[in-house]
Amino acid sequence: MGRITEDLIRRNAEHNDCVIFSLEELSLHQQEIERLEHIDKWCRDLKILYLQNNLIGKIENVSKLKKLEYLNLALNNIEKVENLEGCEGLTKLDLTINFIGELSSIKTLRHNIHLKELFLMGNPCADFDGYRQFVVATLQQLKWLDGKEIERSERIQALQNFPVIEQQIREQEKAYCLKRAKDKEEAQRKLQEDADEGKKERSQPGFDGRWYTDIGAPLPSSVESKDLQAPEIQEGECNRKKVEDEEDDLEFWNKPSLFTPESRLETLRHMEKQRKAQEKLSDKKKKVKPARTLITEDGKALNVNEPKYVRLDFSLKDDEKRKQIVLDLAVYRYLDTSLIDVDVRPTYVRVLVKGKPFQLVLPAEVKPDSSSAKRSQTTGHLVICMPKVDEVITGCPPASKPVASTLDSSRERKTESAE
């Protein structure tokens, strides 16, 4: 579940250079926030605050937001209008689709003399007989209710009928509160049953009905070989687990449920559980990619071109005049030289570009100690010059001690451009 943290606010304050104390507008919608906190201390200059589609169960910790003009708390778990008296500049309040059944709690908004627009549609109280007349008569500063303008004649009539309407509202509130109390008890009972069931499952013995408390005791062969199962068996178990999770998920969504704050929380927790299970299943399916073979078991070097993203173009030139082999490797022009590692051996050359190998078998034996590597100042290509030895070798000799040619970024700026 989400919480309001300083980091969360800063991430949503990019339009204000991530400065939070002078924020005038803040959007924290769809963050799974359960409690309204800290904002009145960190962002006292707020004028617009979006908190819709969260799990906030109570209006609190906003009384110090004196400059707040618009507060959006639609699609939350709020059951009562409260703690807004300190928001002196509040002109618009959106409480659409919450769980407000105590309609008389709107009386606290009489202190918000600048309040012009109020949205209560989608709440249980909006279904009460006389709901609109009660709100219009109670909050005489309102100009709009649920997106509909309040006419002068409508207010006069609501004030005339207010005593009767108020009594009706009280009776309906009482009936709703009794029903809500039963819903809470049922939700609490169900939550306790789920907790007991989970605790019971965790306390069960091993799958073979035995307890293994002695660390030194030998385990059954089935336990010992659990981590040594064939990939096909592991894949079968993953598929079986996936089918079971899908069946549980289908059963959850097909089960009838009341629309209550508790059911919203239960739905979110179920979705979180499914997400974690899916991530766990994906981790099990991931297979470690075997390392690329560069040298065979008999010591033969292989040609490999496996940089990241795309293969590298290259040219290999046998310079008979200078008696050297020149490799021109088209590495990315703006690639940092520190990400390149060159290893010249008598019969092949290996270049690691961001950890990805490029390896090429040479047509003749070279001198690793006399080899050099530099970057072209114009193209960024890597040019490796490898002097040839006087004697010609046949076959592939045993792997000798590697000699790595380092690329000095400071030196490369002084060298001439590669040919």
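The values are calculated or read from the model by the stated rules, or taken from the named source; none is laboratory data. Note that the structure is predicted; figures quoted are calculated from it, not measured. No Cβ is skipped: glycine too gets one built from the backbone with ideal geometry, and neighbour counts run over all protein chains shown. All accessible areas refer to the heavy atoms of the entire protein, side chains included, with ligands and DNA or RNA removed. Shrake-Rupley method; radii C 1.70, N 1.55, O 1.52, S 1.80 Å.
Got at least one residue in region 174-190 being of a type in the set (Lys, Arg), out of contact with any Gly (no Cβ under 9 Å at 6 or more places or on another chain), part of a helix (DSSP H, G or I) and more than 30 Å from residue 262 (Cβ to Cβ)? Looking through region 174-190, none of the residues is of a type in the set (Lys, Arg), out of contact with any Gly (no Cβ under 9 Å at 6 or more places or on another chain), part of a helix (DSSP H, G or I) and more than 30 Å from residue 262 (Cβ to Cβ). For residue 390, the requirement of being open to solvent by 30 Å² or more (accessible area, probe 1.4 Å), of a type outside the set (Lys, Arg) and part of a strand (DSSP E or B) is not met. The residue pairs whose first member lies in region 44-68 and is more than 15 Å from residue 31 (Cβ to Cβ) and of a type in the set (Phe, Trp, Tyr), whose second member is in a loop (DSSP other than H, G, I, E, B) and open to solvent by 40 Å² or more (accessible area, probe 1.4 Å), and whose beta carbons are closer than 7 Å, counting only pairs six or more residues apart or on different chains, do not exist in this structure. Summed over region 139-173, the residues that are in a loop (DSSP other than H, G, I, E, B) and of a type outside the set (Val, Ile, Thr) give a count of 9. Within region 352-380, the set of residues being over 14 Å from residue 335 (Cβ atoms) and within 40 Å of the chain's Cα centre (by Cα) comprises 357, 359. Residue 58 meets all of the listed conditions (1) assigned to a loop (DSSP other than H, G, I, E, B); (2) open to solvent by less than 80 Å² (accessible area, probe 1.4 Å); (3) of a type outside the set (S, T, N, Q) but one, namely (2). If we keep just the residues of region 11-28 that are at pLDDT 90 or above and open to solvent by 50 Å² or more (accessible area, probe 1.4 Å), which is nearest to the chain's Cα centre (by Cα)? If we take residues in region 11-28 being at pLDDT 90 or above and open to solvent by 50 Å² or more (accessible area, probe 1.4 Å), then 25 is nearest to the chain's Cα centre (by Cα). Scanning region 110-144 for residues that are open to solvent by less than 40 Å² (accessible area, probe 1.4 Å), of a type in the set (Val, Ile, Thr) and closer than 21 Å to residue 72 by Cβ gives a single hit, 135.
When 64, 143, 116 are checked against the criterion of being of a type in the set (Lys, Arg) and within 33 Å of the chain's Cα centre (by Cα), a single residue qualifies: 64. For region 29-39, indicate whether the set of residues that are free of Cβ contacts under 8 Å to residues at least 40 places away in the same chain, open to solvent by 10 Å² or more (accessible area, probe 1.4 Å), touching an Asp or Glu at 6+ places or on another chain (Cβ under 7 Å) and in a loop (DSSP other than H, G, I, E, B) is non-empty. No; the residues of region 29-39 include none that is free of Cβ contacts under 8 Å to residues at least 40 places away in the same chain, open to solvent by 10 Å² or more (accessible area, probe 1.4 Å), touching an Asp or Glu at 6+ places or on another chain (Cβ under 7 Å) and in a loop (DSSP other than H, G, I, E, B). Applying the criterion of being more than 23 Å from residue 48 (Cβ to Cβ) and either surrounded by fewer than 16 Cβ atoms within 10 Å (Cβ to Cβ) or free of Cβ contacts under 8 Å to residues at least 60 places away in the same chain (or both) to the residues of region 84-109, the residue that is nearest to the chain's Cα centre (by Cα) is 105. Once region 61-81 is narrowed to residues that are among the polar types (S, T, N, Q) and under 25 Å from residue 180 (Cα atoms), the residue that is surrounded by the fewest Cβ atoms within 10 Å (Cβ to Cβ) is 77.
Evaluated against (1) touching a Gly at 6+ places or on another chain (Cβ under 7 Å); (2) without any contact (Cβ under 8 Å) to a residue 24 or more places away in the chain; (3) in a helix (DSSP H, G or I), residue 136 falls short on exactly one condition, (1). Here 342, 349, 331 are screened, and the one residue that is more than 41 Å from the chain's Cα centre (by Cα) and either in a loop (DSSP other than H, G, I, E, B) or modelled with pLDDT of 90 or more (or both) is 349. In region 41-55, of all residues being farther than 20 Å from residue 113 by Cβ and not in a loop (DSSP other than H, G, I, E, B), the one that is most open to solvent (accessible area, probe 1.4 Å) corresponds to 41.
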